[in-house]
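Each remark here refers to the structure printed beneath this line.
The values are calculated or read from the model by the stated rules, or taken from the named source; none is laboratory data. The shown structure was predicted, so the numbers you read here are calculated from the model rather than taken from an experiment. Glycine gets a Cβ as well: all are built from the backbone with ideal geometry, and neighbour counts include every protein chain shown. Accessible surface is based on the protein model in full, side chains and every heavy atom, while ligands, DNA and RNA are left aside. Shrake-Rupley method; radii C 1.70, N 1.55, O 1.52, S 1.80 Å.
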Amino acid sequence: MDTRNYYEILEVYPAASNEEIENAYRLLLYKYHPDHNPDREQWAHEMTSKVVEAYEWLSNPEKRKLHNFQIYCPAKRKLPERKFFFFQKKKKKQWENAALRFQAGVALFAKQKSKSLLKFQEAIGFWANFPEALYNIGLCLVDLHKLEEARSYFHRVRDMNPKDQEIKRTLRRLDELKG
Amino acid sequence: MSKIIGIDLGTTNSCAAIMQDNEVVIIPNAEGMRTTPSVVSFLKTGEWVVGEPAKRQEIINPESTVFSIKRFMGLKLTDPSVQKDRQLVPYELVAASNGDLRVRIRGRDFSPPEISAMILAKLKRDAENFLGEAVTKAVITCPAYFNDSQRQATKDSGRIAGLEVLRIINEPTAASLAAGFDRKTKRKIAVFDLGGGTFDLSILELGNGVFEVKSTCGDTHLGGDDFDQRIIEWLIEDFKGKENIDLRKDRIALQRLKEVAEKAKCELSEKMAAEITLPFIASDASGPKHLSAKLTRTKLEELTKDLIDATLPPCEQALQDANLRTGDINEVVMVGGMTRVPKVREVVRRLFGKELYEGVNPDESVAAGAAIQASVLKGNIRDILLLDVTPFSLGIRTEGGMFSKIVEKNSTIPVRKSEIFSTAKDNQTFVRIQVYQGEKPMAADNKLIGTFDLVGIPAAPREVPQIEVAFDIDANGIVRVSATDLASGKEQAIKITPNSGLTQSEISQFTKEQAAARVPVEQAPAPKAKKMDYPEAAPPEPAEDSEVKKPEKKKGLFGLFGS
């Protein structure tokens, strides 16, 4: 899974008010807390920790905005296909290198954003015109609270394909995150 | 299922309660009082007395009477707070071989949990007499600022006293639980706890029956004893002025003064003036002298004004920590005998700008709350939930001796948090995980609470292996730390059981000792005929217990009716 969807864990709509989130949190604690589930402590512990974590994110306005950004703008995981002619051996080799770094970056994305970022940047080093990698770099930077840098990467993606609606949405969400 | 009692193990007074038929019943002690002084006095014979009889020895036999033991629970002798407190107690404190604190009485060393266990054992025994059946399980309260070794020490005392401690809960939480608020509405509660020896203010949030401690702040050396001391000093000065005799040198006179001072203080909560008379307090060449004085409420307020004012800064600090202003507080709950003093109530009322919540008994509400939580754990109450927080940040030592926090202070538990770390050198095949607790940026300044190695990491350049370190804290506050190498899937974990300084074998040894010592001293008075006979050293299984006893009782009844 990419990022946990905390709204799903708390069983609320993403548009839920703070009060609704709080009520949902308390109700779920009732359901899951180990004090109320002495016969299945391990399960209760895991469920409760999830609920507590979700509430920690959604009850904090800053974190909630970031989380909204994360779930609406998931990372690009699929490697785009590229075909090469037999005389483009050198280019093909470079692309393969870039693809390898990209996949490593995707694998690290959920766990460790700073390392994932490095991998995507390496991929860019091999293959500059790589919108998926640029996009993922932007996401990593958002996570590391470097919004301005992230914006410049998203702009590069947009410049490559001005008709892409998705990147425009991402940029709008980024503005919301800032505001 | 056997009964679970709730115990408020206080600095100066303790209290026990139980839920019976959906109501909290405070368990009276053998002397018929609802609270028991937390005092243990050791007699020359090697036996000890607990409670009211021990309190009477406080000044006459100061070296062998232990009070305020709670201040020393789970601490080392070198701890700065211990160094300060040891000036205030007449008994001798020494260090054990591992640096832990011990109380030396007549050449024998006792650990603080052992002494607390003597108090708990009395409460347990009184509860058994009252209920007519064995009590083996309890919920015990402790201050919100207690750290995990202090909490563990409290648990250990329970075990030594023959009680299985199901949960340690925070005193302010217990008090607000007992306040019986309407649980549906959301509210913020301030619990103002001014007891015999300590003061603290906690801010809690209550919503849908979930109680959460938001912040806590206090003064561990402010309480009723300080107020008594002021009265004693005033009486001594007064007497010195009239008769030119200094009573400070006379221990027995001091003991008598202490008793009357406390009584006068309590009286002044209701009346405007109290008469203090102590006949034959001293004598000189002209004959016996009597002390008589009249203490008015205004005078008492004048004597203790600075003490009352000292409660205000912690209140403001606690509010600030919870990001709240006084106006945000919906209820103010007063706990501790000292909150009966009209001046204290007035000051608090003025601070929060609202009427105080009246529905609690300040001496008993903490024990009552513990009893309610006991009932929750038993499964009898389903609409209440206590949520605890970690009192300290937890993390591991990383490169350069830095402390990387993984679980922040005041995180709600249960909690699971993880972070990824890597190796510092090329081809490093193992990492040592050192778990620390504390708030300082350097690991060495914090407290090391556990160490383990993760071995068998495949050789790789530095910073390539990914090691996930996860912290799991369960509802009881037990911390489990695991390290996983994400590449190979190798996992290594430890459970960190907080350490009170006592080893398991020491605990079981003390348990046996106390069980053995209890029999000759304490069975002699046999206060009630209701007392059941059962081996105290090893309480029988709860299930068997109720099965065996019930028929006997019935038989007795039928016999009675039959004749």
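Observations on the model:
- For A:K115, solvent-accessible area (1.4 Å; no DNA, RNA or ligand), Å²: 40
- The mean number of partner chain beta-carbon atoms within 10 angstrom of a residue's beta-carbon across peptide A:29-42 is 4.
- Distance histogram in 10 Å bins (all Cα pairs of the range A:139-179, percent per bin): 32, 57, 12
- Seen from all directions on average, the range B:401-455 presents a Cα convex hull projection of 4.4 nm².
- Measuring between their Cα centroids, the range A:81-96 and the range B:65-90 lie 76 Å from each other.
- Rounded if a/c under 1.5, otherwise prolate or oblate - the range B:172-324, Cα gyration tensor axes: prolate
- Amide H to amide H, with H built 1.01 Å from N, B:A487 comes under 5 Å of B:Q466, counting only residues 5 or more places away or on other chains.
- Put simply, the convex hull of the Cα atoms in the range A:28-116 casts, on average, a shadow of 8.9 nm².
- Label zone (A:E62, point 7 Å along Cα-to-C-beta; backbone nitrogen cut-off 15 Å) within the range A:1-34: none.
- Cα gyration tensor category, rounded, prolate or oblate, for the range B:89-234 with a/c compared to 1.5: oblate
- Summarising the amide proton neighbourhood of B:E92: residues at separation of 5 or more, or on other chains, whose placed amide H is nearer than 5 Å comprise B:R104.
- For chain A, the carbon plus sulfur part of the accessible surface works out to 52%, probe radius 1.4 Å.
- Per the Debye formula on identical point scatterers at the alpha carbon atoms of the range B:1-110, with no solvent, log10 I(q)/I(0) at q = 0.09, 0.17, 0.22, 0.23 Å⁻¹ is -0.30, -0.87, -1.17, -1.23.
- Calculated [222 nm] ellipticity per residue, helices only, for chain B: -10000 deg cm²/dmol; basis is -39500 (n - 2.57) per DSSP H run with n ≥ 4, divided by all residues, nearest 500.
- For the options A:H145, A:H155, A:H67, a Gaussian network treatment of chain A with springs between C-alpha atoms closer than 10 Å singles out A:H145 as fluctuating the most.
- Taking all protein chains into account, the per residue accessible area for chain B stands at 44 Å² (1.4 Å probe).
- Nearby lysines by direct alpha-carbon distance to A:K89 (threshold 27 angstrom, same-chain neighbours under 8 apart not counted): A:K76, A:K78, A:K119
- For the range A:1-116, accessible area per residue (1.4 Å probe, heavy atoms of protein chains only), Å²: 59
- Once the partner protein chains are put back, the range B:195-214 shows a loss of at least 10 square angstrom of accessible area, versus the chain by itself, at B:E205, B:G207, B:N208, B:V210, B:E212 (probe 1.4 Å, ligands and nucleic acids excluded).
- Reference-scaled alpha-carbon Rg (2.2 N^0.38 Å with N residues) for chain B: 1.07
- Protection proxy ranking, highest mean first, for peptides B:441-450, B:356-365, B:219-228: B:219-228, B:356-365, B:441-450, where packing is the per-residue count of other beta-carbon atoms within 10 Å, averaged.
- Extending 7 Å from the Cα toward the beta-carbon at both B:E439 and B:K271 defines two label points whose distance is 4.6 nm.
- P(r) of the protein assembly as shown over all Cα-Cα pairs, binned every 20 Å from zero, in whole percent: 14, 41, 29, 12, 3, 0, 0
- The listed residues A:Y55, B:Y145, once ranked by accessible area (1.4 Å probe) with the largest placed first, stand as B:Y145, A:Y55.
- The length gained on full extension between B:E237 and B:D182, counted as 0.36 nm times the residue separation minus their Cα-Cα distance, comes to 14.8 nm.
- Residues with amide H under 5 Å from that of B:S14, placed H, sequence gap 5 or more: B:T36, B:S38
- Residues in the range A:98-133 that a label on A:Q88 would reach, taking backbone N under 18 Å of a point 7 Å out along Cα→Cβ: A:98-100, A:124-133
- Buried area at the A-B interface (accessible, heavy atoms, 1.4 Å probe, summed, Å²): 2300
- Summed side-chain charge close to B:Q320 - residues other than B:Q320 whose Cβ falls under 13 Å, Lys, Arg +1, Asp, Glu -1: -1
- Note on B:A96 and B:L486: with the Förster distance fixed at 41 Å, the Cβ-Cβ geometry gives a FRET efficiency of about 0.40.
- Approximating the spin labels as points 7 Å out from Cα along Cα→Cβ, the A:K168-to-B:K512 distance works out to 8.2 nm.
- Overall, the accessible surface of the range B:309-441 at a probe of 1.4 angstrom is composed of carbon and sulfur to the extent of 44 percent.
- If the convex hull is drawn through the Cα atoms of the range B:358-436, its volume per residue in Å³: 157
- Kirkwood hydrodynamic radius of the range B:294-340, Cα pairs, Å: 12.9
- Of the two radii for chain A, the radius of gyration is 1.09 times the Kirkwood radius, both from the alpha carbons; that is the Rg over Rh value.
- The calculated FRET efficiency for the pair A:E176 and B:S81, based on their C-beta separation and a Förster distance of 56 Å, comes to about 0.70.
- P(r) tail for the range A:1-72: Cα pairs beyond 14 Å make up 57% of the total.
- The relative contact order of chain B, computed from alpha carbon pairs under 8 Å that lie at least 6 residues apart in sequence, is 15 percent.
- Listed cross-link partners B:K55/B:K354; B:K188/B:K447; A:K90/B:K425; B:K84/B:K447; B:K184/B:K417 are compared with a 29 Å cut-off, the Cα-Cα value being larger for B:K55/B:K354; B:K188/B:K447; A:K90/B:K425; B:K184/B:K417.
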